[in-house]
Amino acid sequence: MLAQKVAVVTGAARGIGLAVARDLAASGCRVVMVGRGAEAIENAARELCDSGHQVIPHVADVTDASAVAALAARLRREFRRVDILINNAGVLLEPKDFAAPQGASVFVVDPELVTTTYTCNALAPLRLIQALVPLMRENGWGRIVNVSSSMGQLADMGGFWPAYRMSKAALNALTRLTAKELEGSPIKINSVCPGWCRTEMGGHDAVRSAADGAQGIVWAALLPDDGPSGGFFRDGKPIDW
Ligand SMILES: NC(=O)c1ccc[n+]([C@@H]2O[C@H](COP(=O)([O-])OP(=O)(O)OC[C@H]3O[C@@H](n4cnc5c(N)ncnc54)[C@H](OP(=O)(O)O)[C@@H]3O)[C@@H](O)[C@H]2O)c1
């Protein structure tokens, strides 16, 4: 019998991360749901457990190096494996008034806010990759999904929201260079844009549900061995970097 896959989803207490955790659990994975608020992640995991899913809450702020190391140690101790890493936790800290974006101009953004955004959206995924890829290598299989955004596309870079846009462009670079170093290995990594989704980050006017956004992420998490690596996708279709 094939061993049950262990998936790690960061930022899983709500929004797209919660929908991804539910879908991966429904597809038969044991899902470690990572969140920084103990009550929120435990409540979210309890709800999924109550509906018959195998999920485990884990409290960690992904920007905290020691918390990421503790997560890796727990995965090794309790499961002896990790098969799927979904780098979903993310922040958009700039003003979100899409009708009047001047408050999120490159000319006024606080560089400290850029650093905080980078730390969560680009450096935390780097740290998680460093911590968890050794476990994937040991088991000879792995899928990594960096949850990115069209706002990070250099091919179609608009103005405003520089911290968020630059952090997602950096995340996409992380996808490309990690894929290069993993070439020929059984571990795949891709960036996925979920589209504009109705979540706390996306707001009420967004055109998609969190469940809609989750689908393309789950597709990339369960890619077959002849599937792509080092790409940028929305709904399972390649998009420009
Ligand atoms: N919604 C969209 O339209 C959209 C579009 C393109 C891309 N995305 C990307 O999709 C991903 C999920 O977004 P979402 O819309 O679901 O956002 P969301 O509703 O704001 O949820 C983000 C989740 O990430 C968690 N998180 C943030 N910082 C964290 C940290 N340091 N450690 C651990 N968890 C942390 C949050 O936890 P707390 O509750 O503790 O803050 C929250 O559970 C993000 O990477 C986002 O950039 C979203």
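For the reader, a short list of remarks on this structure follows.
- Output for the stretch 1-21, where each listed residue is crowded, with 18+ Cβ neighbours inside 10 Å, out of contact with any Phe, Trp or Tyr (no Cβ under 6 Å at 6 or more places or on another chain) and more than 19 Å from PRO194 (Cα to Cα): LYS5
- The sole residue among ASP83, ASP23 that is closer than 19 Å to GLY142 by Cβ, among the acidic types (Asp, Glu), in contact with a Gly (Cβ under 8 Å, 6 or more places away or on another chain) and at pLDDT 95 or above is ASP83.
- When the stretch 169-180 is filtered for residues that are aliphatic (A, V, I, L, M) and touching a Gly at 6+ places or on another chain (Cβ under 6 Å), the ones remaining, listed by number, are ALA169, ALA179.
- Residues located in the stretch 118-133, provided they are near the ligand (Cβ under 10 Å from one of its atoms) and closer than 19 Å to ILE217 by Cβ: CYS120, ASN121, ALA124, PRO125
- Selection of strands (runs of 3 or more DSSP E) fully inside the stretch 134-241 by the criterion of at least 1 residues being small (Gly, Ala, Ser) and within 16 Å of the ligand (Cβ to nearest atom) returns 187-192.
- Out of GLN102, GLN130, one residue alone is within 21 Å of MET201 (Cβ to Cβ) and surrounded by fewer than 20 Cβ atoms within 10 Å (Cβ to Cβ). It is GLN102.
- Here THR115 meets each of (1) in contact (Cβ under 8 Å) with a residue 40 or more places away in the chain; (2) within 16 Å of the ligand (Cβ to nearest atom); (3) surrounded by fewer than 16 Cβ atoms within 10 Å (Cβ to Cβ) with one exception, condition (1).
- Residue match in the stretch 29-52 (condition: of a type in the set (A, V, I, L, M, F, W, C), touching a Phe, Trp or Tyr at 6+ places or on another chain (Cβ under 6 Å), near the ligand (Cβ under 9 Å from one of its atoms) and more than 23 Å from GLY142 (Cβ to Cβ)): no
- When LEU48, LEU24 are checked against the criterion of being in contact (Cβ under 8 Å) with a residue 40 or more places away in the chain and surrounded by 18 or more Cβ atoms within 10 Å (Cβ to Cβ), a single residue qualifies: LEU24.
- So VAL62, is it touching a Lys or Arg at 6+ places or on another chain (Cβ under 8 Å), in contact (Cβ under 8 Å) with a residue 40 or more places away in the chain and either surrounded by fewer than 21 Cβ atoms within 10 Å (Cβ to Cβ) or not in a helix (DSSP H, G or I) (or both): yes
- Selection count where residues are more than 16 Å from LYS96 (Cα to Cα) and in contact with a helix residue (DSSP H, G or I) (Cβ under 9 Å, 6 or more places away or on another chain), scope the stretch 153-165: 4
- The listed residues are LYS168, LYS237, and the only one of them that is touching a strand residue (DSSP E or B) at 6+ places or on another chain (Cβ under 9 Å) and of a type in the set (Lys, Arg) turns out to be LYS168.
- Every residue from the stretch 103-133 that is outside any helix (DSSP H, G or I) and in contact with a helix residue (DSSP H, G or I) (Cβ under 6 Å, 6 or more places away or on another chain): VAL106, VAL109
- Of all the residues in the stretch 181-227, those that are closer than 30 Å to ALA99 by Cα, β-branched (Val, Ile, Thr) and touching a Gly at 6+ places or on another chain (Cβ under 7 Å) number 2.
- Breaking point among (1) in contact with a Phe, Trp or Tyr (Cβ under 8 Å, 6 or more places away or on another chain); (2) closer than 22 Å to ARG234 by Cα; (3) acidic (Asp, Glu), for GLU94: (2)
The values are calculated or read from the model by the stated rules, or taken from the named source; none is laboratory data. All figures in this text were calculated on a predicted structure; none of them were measured in a lab. So basically every Cβ, Gly included, is an ideal-geometry build from the backbone, and we count neighbours across all protein chains shown.
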